[in-house]
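All of the numbers you see were taken from the coordinates with simple rules; none came from a lab. Predicted, not measured: the structure shown is a model, and the values here were computed from it. With ideal geometry, Cβ positions are generated from the backbone for all residues, glycine too; neighbour counts draw on all protein chains shown.
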Amino acid sequence: MKSALGLLLVGATAWLCATQPALAVRPGHVSFTAEAVCAYRAIAAQHPDPKLRNPDDLAAKLCRSSMPLPRLYAEARQFIDNSGETYAAYFYVNARTHCIDAALRRAAAEGATQVVVMGAGFDSRAYRFHESHPALRFFEVDLPATIEAKKSRLAT
C-alpha cells in the first residue's frame, strides 16, 4: 500500500508541477527550500554513526525551519522513518552534502581557487572549509532576504 501511495503522490506532484505555476518566494522572505534543506542538514549532523554524520556543524545555528520535525536526531528520525515518502529528502540532502563536500575537496586539491554557490540558501561551506582550504574564495548567490538572514543568524 505504501508503494501505491508513493506513486500516487509522485503522480500528483508531477501533475501539479506541469499544470500550476511555480511558487515564488515572497519578496523579503526566505524560501521554504532553504529552511528545509538546512533543517535536514542540522538533523543529519547529529547522526550517531560518524561515517553517516553530516559534516555541517553550522546548520543548527542557521536553521529556523518551520518544518514539523523535532530538532533532536532520535526524535526527528522517528518522524522520518515513519513517514518515508514525506521526509525522503532527508536522505538525499545528507548524501548530497557528503558528495559536494568531497567534490569540493578534490577541486581544491587540483588547484581550484574560487567557488560559486548558486542558490546558496544556508549553505555553510564557505565557513566550514575556510580553515582547511584558506586559498578558496567563495561567492554566494541568493535572494537578498536569504543572504541577510544568513548574516544575521551567523552573527548571533
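Computed from phi, the 3J(HN,Hα) profile of region 148-156 under the Karplus parametrisation 6.51, -1.76, 1.60 (θ = phi - 60°) reads 5, 4, 4, 4, 4, 5, 6, 6, 8 Hz, with x in place of Gly and Pro. For region 20-110, the fraction of alpha-carbon pairs lying more than 14 Å apart is 68 percent, rounded to a whole number.
I need the GluC sites (Glu not before Pro) found in region 67-116, filtered to DSSP loop residues with at most 13 other beta carbons within 10 Å of theirs. Provide the component values of the computation, followed by the final result.
Details: sites: 75, 85, 110; in loops: 110.
Loop-located and lightly packed - 110.
Tell me the net charge near residue 147. Cut-off is 12 Å between Cβ atoms, residue 147 excluded, with +1 for each Lys or Arg and -1 for each Asp or Glu. Walk me through the numbers on the way to the answer.
On the way: positive: 150, 151, 153; negative: 123, 140, 142, 148.
Net charge around residue 147: -1.
Here is the size of region 62-148 from its Cα atoms: Rg then Dmax, 15.6, 44 Å.
Counting only aspartates and glutamates at least 8 places from residue 150 when in the same chain, those with an alpha carbon closer than 12 Å to its own are 35, 123, 140, 142. Partners of residue 51 within straight-line reach, counting aspartates and glutamates whose Cα lies under 14 Å from its Cα and excluding those fewer than 8 residues away in the same chain: 101. With K and R counted +1 and D and E -1, the other residues having a Cβ less than 14 Å from that of residue 70 yield a net charge of 0.
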